[in-house]
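Have a look at the structure below before the remarks.
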Amino acid sequence: MFVLWLLLSGHYTPLILGFGVASCVVIVMIGMRLDFIDHEAVPLHISFGWFAYTAWLGKEIFKANIDVARIILAPKLPISPVMVRVPATQSTDMGKVIYANSITLTPGTISVEVEPHEILVHAITRDAAAGLADGDMDRRVDAIETR
């Protein structure tokens, strides 16, 4: 909200910025003290590892885009669609949502159903399904999730 206010106001003096930061800190402290911040909906604990995960996910999306483009441009269209159940070791709903959305954001795979300990995934090729089965994405999402 602070960034939105900053963009819309156009005032960038140190005094105004200081007031904005102080206001945000006070509001967050009051919210934490009164315990009305929903820790599942506002995952402040996820933010530290989030930058590294986002960079890694961007790289994976780029690689998957190239793989899907090769499949589409191949004369024989070498697809081998498969449905697989991928283990989900996340302990919170937010962690499972991040994992399922990460699967769907990666071209060639779609999260179909999220269950308590696994996710049903449709993959365009067996190789894409095998890439999920190794559990690298699951471990990375688990690492940014606080237990």
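The values are calculated or read from the model by the stated rules, or taken from the named source; none is laboratory data. Keep in mind that what you see is a predicted model, and the values were worked out from it rather than measured. Positions of Cβ are generated from backbone atoms using ideal geometry, with glycine treated the same way; all protein chains shown enter the neighbour counts.
Considering the conditions (1) more than 20 Å from residue 56 (Cα to Cα); (2) out of contact with any helix residue (DSSP H, G or I) (no Cβ under 6 Å at 6 or more places or on another chain), residue 114 is excluded by exactly one of them, (2). Considering region 8-39, the residues that are modelled with pLDDT under 80 and loosely packed, with under 10 Cβ neighbours inside 10 Å include one that is nearest to residue 96 (Cα to Cα), namely 38.
Here is a yes/no grid of residues against (1) part of a helix (DSSP H, G or I); (2) in contact with a Pro (Cβ under 6 Å, 6 or more places away or on another chain); (3) farther than 18 Å from residue 49 by Cβ:
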residue	(1), (2), (3)
59	yes, no, no
63	yes, no, yes
90	no, no, no
97	yes, no, no
107	no, no, yes
112	no, no, yes
122	no, no, yes
131	yes, no, yes
139	yes, no, no
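In region 95-122, the residues that are in contact (Cβ under 8 Å) with a residue 12 or more places away in the chain form Cβ pairs under 7 Å with partners that are of a type in the set (Lys, Arg) and outside any strand (DSSP E or B), at six or more places apart or across chains, as follows: 114/96.
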